[in-house]
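Quick note: the coordinates plus some simple rules give every number you see, no bench work behind them. Treat the numbers as computed from the prediction; the structure is a model and nothing was measured. When we count neighbours, we look across all protein chains shown, and the Cβ atoms used for this are built from the backbone with ideal geometry, even at glycine.
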Amino acid sequence: MSESEAGIGAPGAILNADTPLAGLDFLREAVVTDLRSGRFDRVATRFPPEPNAYLHIGHAKALWIDYGIAQDFGGTFNLRFDDTNPSKEEQEFVDAIIEDVRWVGADWGDRLFFGSDYFEQMYEWALDLIRKGVAYVCDLTPEQVIEMRGKPTEPGVESPYRGRPVEENLDLFQRMRAGEFPDGARTLRAKIDMSSPNMNMRDPIMYRIRHEDHHRQGSKWCIYPMYDWAHGLEDSIEGITHSMCSLEYENHRPLYDWFLDQLGIYHPRQIEFARLNLTYSVMSKRRFIELVNGGYVDGYDDPRLVTLAGLRRRGYTPEAIKDFCGRIGIAKTDSVVEMAVLEDCIREDLNKRAPRVMAVMDPIRVVLTNYPEGQTEEMDVVNNPEDPDAGTRKVPFARELYIERDDFREDPPPKFFRLAPGREVRLRNAYFIKCEEVVKDASGEIVELRCTYDPETRGGDAPDGRKVKGTLHWVAAHEALEADARLYNHLFTKPDPDDVDEGKDWFANINPDSVVRTTCFVEPSVRGAAPGTRYQFERLGYFCVDSDSTPERLVFNRTVTLRDSWSKIAKR
RNA sequence: UGCCGAAUAGCUCAGUUGGGAGAGCGCCUGACUCUGGAUCAGGAGGUCCUAGGUUCGAGCCCUAGUUCGGCAGCCA
């Protein structure tokens, strides 16, 4: 790549070699230090997903580290698929990952790469190492390799094939590539140190034989490079300066460095950071699969999952996810972030942007006895008090309404400011109403509230200056739209899903009420809303139109509730 | 009984010439309000892992230890 396209000081750069270290996270601090020392004179990062699963919020953290650092320093950013294993990787995941990365807002421009495109170069370099006498073809079986690798506390045993002459290694390796040997028959190994305290240095395998088609290379190859061998080479080829990865690769760094040093090629710097964990959730491919296959969730984009596809369907915005990634910081400490932080991020974003609308989840009928039969009117309602540009809309009002069952108590407890017999409240954006009579059915269930309204209070204020303590949301019974609602809660009942009694597994902590499917009545203004449209249902929470919606019937996903101080009071 | 790494508020993180222990989220209280929302104000909460040492003075420097995490795929 040219220096000019990756130069420091590109438009928008906010960090450079002269930036004071104080206050920077340790990764940015390392980059500044490398710029000052002259180890690098530019910044180039990459996000290297393996196309074998869907991305989750933890990937978003890594992505915003990689992309964010490139942005901050005016450097370049590559999206690179690390597709070195043919048996696990599929085009479907490539497409899904590209969609997710684009959605969260990282821009790789034309810098989309595939590790598999470098296979030929990697092969040539492998030949180099064989010629240098630091790589050899090994005929040990997988079982023997494991056996002879030893344990962390015990040295391994050298392979009997370790001393194979260079010419024989060259011949065998070429024949491996030519397809002369079956899967697993031989490997190419680096000749390092079988007694190294670092297991990764005990003659790691560079190539394995796999007679399988590759999603991009087709049947061209039957030997495939291992991660440790491939990753540093990919970084080197692309001119990456800082190769950020998670803590689990810390023990792999000596090997990353070893390959590059042996080859004598351009040498990027690998730095590790702690991966993200979130309370009340799981974050691994394996567990997502188990949840999907076990029928606990409805797919990888189930709104209860913290996959990016799930969060998107739940109603999360890219801005909220980016904000979250910024808030949680970067460090090397193993950590578990509280879900409340993520929830705060989406509330903060949606509070500014989501139009407000009224919807009733659990209706109770209100009849305004002094409101003329057959009359209706339209109230002018502000769409978003936080955003004057959001405008207004008309909301129909009528003699028969629905309010939330929770908003009425026959025998109200202290500090309950909502409707009760003889009490007056305000219907939001409409009138004051007073409850005159409670109508019950034979079983004692309340079926209707008979109320009077004060025509003088149209719009919500009383000319005589009298105040009410409560304001309720409502919908006009005959004009409301009936819709499905999916009320999502934490997927797990405990902050740590692995916190289980002896003999039980994490499935025992799955929340049986992680989704409550119900119906609701929504004001007619939402008719025809497209999937993905987000609203605040006043006093209830933020909701997003689900892709299961049809022209006839909308489906709403509850993204997150509003903060609710009453529920805390009520618990006491 | 190996190697690598980590440790500051409930959680996540700042604290960089060695001199006042901080922020966000969470929690509590109050004000305000046509969302019990939003907003605003205030509060509680710390053996800076421990013990020694250097220093007039240590979260920060040195030594030893403790606890926790990672490493034994032909996965990444």
- Task: Name all residues of the range A:495-537 having a backbone nitrogen under 16 Å from the label point set 7 Å from the Cα of A:Glu552 along its Cα→Cβ direction, giving them as ranges.
- Result: A:528
- Once Lys and Arg get +1 and Asp and Glu get -1 on their Cβ, which of A:Phe417, A:Met148, A:Asn509 lies farthest toward the positive end of the dipole of chain A? A:Phe417
- Task: With r as the distance between the Cβ atoms of A:Glu348 and A:Gln375 and R0 = 45 Å, compute the FRET efficiency 1/(1 + (r/R0)^6) and round to 0.05.
- Result: 0.65
- Task: Go ahead and run the numbers for FRET between A:Glu448 and A:Lys571, Cβ-Cβ distance against an R0 of 35 Å, rounding to 0.05.
- Result: 0.75
- Charges only on Cβ, +1 for Lys and Arg, -1 for Asp and Glu: so what's the dipole of chain A about the Cα centre, in debye to the nearest 20? 1040 debye
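Nearest 5 is fine: what % of DSSP beta bridges in chain A come out antiparallel, could you say? Intermediate results must be reported in sequence, preceding the final value.
Values: 60 of 85 bridges.
So the antiparallel bridges amount to about 70 percent of the total.
Could you give the length gained on full extension between A:Lys394 and A:Asn198, defined as 0.36 nm per residue of separation minus the Cα-Cα distance, in nm?
Working it through step by step, the gained length comes to 63.6 nm.
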- Query: Distance in nm between label sites at A:Asp406 and A:Arg365, each 7 Å beyond Cα in the beta-carbon direction?
  - Reply: 2.4 nm
- Mind sorting A:Leu15, A:Leu21 by how few other Cβ atoms lie within 10 Å of their own Cβ, fewest first? A:Leu21, A:Leu15
- Between the range A:384-404 and the range A:353-382, what's the alpha-carbon centroid distance in Å? 8 Å
- How big is the Cα convex hull of chain A in projection, averaged over all directions, in nm²? 34.1 nm²
- Query: Where in the range A:523-561 does the amide nitrogen come within less than 19 Å of the point 7 Å from the Cα of A:His478, taken along Cα to Cβ?
  - Reply: A:523-525
- Message: Give the separation of the Cα centroids, the range A:99-122 to the range A:206-253, in Å.
- Response: 14 Å
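Taking 0.36 nm per residue of sequence separation and subtracting the Cα-Cα distance, how much length would be gained by fully extending the chain between A:Tyr296 and A:Asp213, in nm to one decimal?
Values: separation 83, 0.36 × 83 = 29.88 nm, distance 3.31 nm.
Once the chain is fully extended between A:Tyr296 and A:Asp213, it gains 26.6 nm.
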- What nm value, rounded to one decimal, do you get for the distance between A:Asp499 and A:Asp461 when each label is placed 7 Å out toward the C-beta? 4.9 nm
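Provide A:Tyr136, A:Tyr488 in ascending order of the number of other Cβ atoms located within 10 Å of each residue's Cβ, fewest first.
Ascending number of Cβ neighbours within 10 Å: A:Tyr488, A:Tyr136.
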- Kindly flag which residue pairs out of A:Lys352/A:Lys394; A:Lys467/A:Lys568; A:Lys352/A:Lys440; A:Lys352/A:Lys434; A:Lys61/A:Lys394 have an alpha-carbon separation exceeding 30 Å in this structure. A:Lys352/A:Lys440; A:Lys352/A:Lys434; A:Lys61/A:Lys394
- To the nearest Å, what is the center-to-center distance of the range A:184-198 and the range A:469-516, using C-alpha atoms only? 51 Å
- Query: Hey, got the dipole for the range A:119-226? About the Cα centre, +1 on K and R Cβ, -1 on D and E Cβ, debye to the nearest 20?
  - Reply: 180 debye
- Note on the structure: Between A:Ser335 and A:Ile98, the FRET efficiency computed from the C-beta separation at R0 = 25 Å comes out, to the nearest 0.05, as 0.30
- Message: As a footprinting exposure proxy, order A:Met148, A:Met361 by other Cβ within 10 Å, with the fewest listed first.
- Response: A:Met148, A:Met361
- Message: I want to check the label-to-label distance for A:Phe417 and A:Val438. Put each point 7 Å from Cα in the C-beta direction and report it in nm to one decimal.
- Response: 2.2 nm
- Taking the range A:339-419, which trypsin sites (Lys or Arg not before Pro) meet the DSSP loop condition and have no more than 15 other C-beta atoms within 10 Å? A:Arg409, A:Lys415
